[in-house]
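**Student:** Could you have a look at this structure, given as structure tokens, before my questions?
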């Protein structure tokens, strides 16, 4: 019998928070209260001045296995996630080959089950992510897949997207779209604007994202299928989704930590480490995203954790692949973006509760292979928990990363707020900020 | 001197002050004289090694740089790097590390990707990097030799020398740049140089060949091209970058020639003293009529000739890090 006692942290519920002890026995929250006594052999974690809440759930993780194991494996990604406070990750299907059938999805689920975290899988919407034919969504849904995406690229053909939404609706699954019209963004490697123009880099206009958001909102209105917008990056995209919600449409969205903390001027030195799709935007968009985060109108912060081998980020800017690491710094960056008086409920809402709802990983969801996430930290729940120290100041260092790849743009940045402990699947995976 | 390129990399003209630009022009002036000698060589960079690393095809720029380096007595390592070597998987970092391992003081680099020279400069901080053209970004020595050519011709006409003139003749000089501004690294360097030197710069192009944020650039977009030709002291034409896909930015080459080509009829609007410039290679019959290219006021060959002293000056200042003892 394993037991853990998280001592005297601020236990953050959906509505209120209170200082309490959390006792975990055999993978379940056994008790929440003050001055709980530790059973014999219990591991006590000092959580004073820390926030204790449900473990983070990442809706958008590129684990690269199979195919690009030099950049990341399911195992290394899970460990990086644990250090970042995550207890569940949604593995994206743009591996090599694509996760577009039950055999490959099963493979990733099996490998994921051997890691300390719960690894959920997003299946591809179309075969090979080629945007031509629907992948077997129903068969994958049987295995427990609840989210489907061609991420890396959106489904460009509106007729196919319409069909996908219509087909997905009765399955009770959600589609997730990378919104960029690739014809409008063609050849672009950073945000289109004054900076790209000066640098002589072909731009990816904000409009490429916004037009597709607009198109998909109308397709959702037409079909009634549920849609999740991935990594929205402009003020206008957020406005469009807000309007869609007023119409009562089943749309949700995420923003990425890098879009909350970096702007397009980061590209001025032509360092491909800052290349990402959708691209880093002007400061005004960054500010609008941060404002929306503080106002509580953003559903989820999702990392778009995208490991790439070092040699690929040594290519010229226009040839290098897009994407950056995210798992280990997302919590601190979200905390930073929440501003001077960060609201702990909001923090856990965007990092855990809402992403768990979107991924259908909560207590009352029909789950096939995974534990429950994004809960209330109350008796009887699965013990997927995180202890976050909001006062700790630390420096991000590439050499401390757990991913195989090191393509993080935050090397040397001072961060505030750090994950002290992660309990996943009932085990203490991270303690004192390090893997146990 | 503030912002001098002495001992620095030359990656862009964007950050260079008027004084720094004039320093390069004045240094080049002294090398013009060297190029007129029977023995066209000075020992300024004797024992130094300059690598020329062209990922993208180029005849004149490469020849010009290598000639410049040799006239300064530098050893030249000329590496034929097929642009495909990177595509085959060799990173920029490995390519430059290989060359650096041979022992070099400077690398002159051309690449089809914007920013490649700046990336390389981070990999080899002890080596001076001279950008010989990177994608759509910058072509600093072209901007310098264009300004140098303007100053040279105008000061000759005034019966004085460029060095004596300094930068005064640039004050209010009317420069009209015509053509594919959007895809042109030459335009970006020219505009940086001319505006820092005090010129009034206007641009004329079809809407699709202007950058989408042209309002942020230190230029005026002309509405009436014919009127602008009468206005200009200098008309700088740009090569229509067909290889960069700019063909699809205009309906046809014929239409481009009709609307923005410097045709013989249009050239009649120019004052006889107006300089006609082109960075080459020219698409005769597209952006410039063949007969216009051969007018006495067209100084295209002078631009080519001035490439050598400008590049000698750039190599000298960046590599030797001083402008003392040029003679």
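**Student:** Would you mind stating whether residue A:104 is within 24 Å of residue A:125 (Cβ to Cβ) and within 15 Å of the chain's Cα centre (by Cα)?
**Tutor:** no
**Student:** Is one or more of the residues making up the range A:390-405 crowded, with 20+ Cβ neighbours inside 10 Å, under 22 Å from residue A:25 (Cβ atoms) and either touching a residue at least 12 places away in the same chain (Cβ under 8 Å) or in contact with a helix residue (DSSP H, G or I) (Cβ under 8 Å, 6 or more places away or on another chain) (or both)?
**Tutor:** Checked against the condition, which is being crowded, with 20+ Cβ neighbours inside 10 Å, under 22 Å from residue A:25 (Cβ atoms) and either touching a residue at least 12 places away in the same chain (Cβ under 8 Å) or in contact with a helix residue (DSSP H, G or I) (Cβ under 8 Å, 6 or more places away or on another chain) (or both), the range A:390-405 yields no hits at all.
**Student:** Any chance you could count how many residues in the range A:150-208 are within 14 Å of chain B (Cβ to nearest Cβ) and within 27 Å of residue A:365 (Cα to Cα)?
**Tutor:** Selection size over the range A:150-208: 0.
**Student:** Select from the range A:64-88 the residues that are free of Cβ contacts under 8 Å to residues at least 60 places away in the same chain and surrounded by 24 or more Cβ atoms within 10 Å (Cβ to Cβ) and write down the one among them that is farthest from residue A:256 (Cα to Cα).
**Tutor:** Within the range A:64-88, the match that is farthest from residue A:256 (Cα to Cα) is A:74.
**Student:** Which residues, counting only those in the range A:339-354, are more than 12 Å from residue A:53 (Cβ to Cβ) and part of a helix (DSSP H, G or I)?
**Tutor:** The answer is A:354, and nothing else.
**Student:** Would you check which residues across the range B:119-142 are farther than 23 Å from residue B:191 by Cβ, within 13 Å of another protein chain (Cβ to nearest Cβ) and crowded, with 24+ Cβ neighbours inside 10 Å and list them?
**Tutor:** B:119, B:120
Here's the yes/no breakdown for (1) part of a helix (DSSP H, G or I); (2) within 14 Å of another protein chain (Cβ to nearest Cβ); (3) within 21 Å of the chain's Cα centre (by Cα):
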{"position": "B:163", "(1), (2), (3)": "yes, no, yes"}
{"position": "B:176", "(1), (2), (3)": "no, no, yes"}
{"position": "B:183", "(1), (2), (3)": "no, yes, yes"}
{"position": "B:192", "(1), (2), (3)": "yes, yes, yes"}
{"position": "B:201", "(1), (2), (3)": "no, no, yes"}
{"position": "B:230", "(1), (2), (3)": "yes, no, no"}
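**Student:** Could you tell me how many of the residues in the range B:119-155 are touching a residue at least 12 places away in the same chain (Cβ under 8 Å) and in a helix (DSSP H, G or I)? If you could, list the steps in order and put the result at the bottom.
**Tutor:** Restricting attention to the range B:119-155, the residues satisfying the condition of being touching a residue at least 12 places away in the same chain (Cβ under 8 Å) are B:119-121, B:123-124, B:127-155.
Narrowing the set further to residues that are in a helix (DSSP H, G or I) leaves B:119-121, B:123, B:140-155.
Qualifying residue count for the region: 20.
**Student:** What residue, among those in the range B:90-118 that are touching a strand residue (DSSP E or B) at 6+ places or on another chain (Cβ under 6 Å), within 15 Å of residue B:56 (Cβ to Cβ) and assigned to a helix (DSSP H, G or I), is nearest to the other protein chains (Cβ to nearest Cβ)?
**Tutor:** My answer is B:116.
**Student:** Within the range A:209-234, work out how many residues are part of a helix (DSSP H, G or I), closer than 26 Å to residue A:282 by Cβ and touching a residue at least 40 places away in the same chain (Cβ under 8 Å).
**Tutor:** 4
**Student:** Could I ask something else about it? With surrounded by 23 or more Cβ atoms within 10 Å (Cβ to Cβ), at pLDDT 95 or above and not assigned by TED's automatic domain parsing to the domain that holds residue B:110 as the only criterion, which of B:175, B:153, B:222 stands out?
**Tutor:** B:175 is the lone residue from the list that is surrounded by 23 or more Cβ atoms within 10 Å (Cβ to Cβ), at pLDDT 95 or above and not assigned by TED's automatic domain parsing to the domain that holds residue B:110.
The values are calculated or read from the model by the stated rules, or taken from the named source; none is laboratory data. A quick note: this is a predicted structure, and the numbers were derived from the prediction, not measured. Virtual Cβ from ideal backbone geometry, glycine too; neighbours counted across all protein chains shown.
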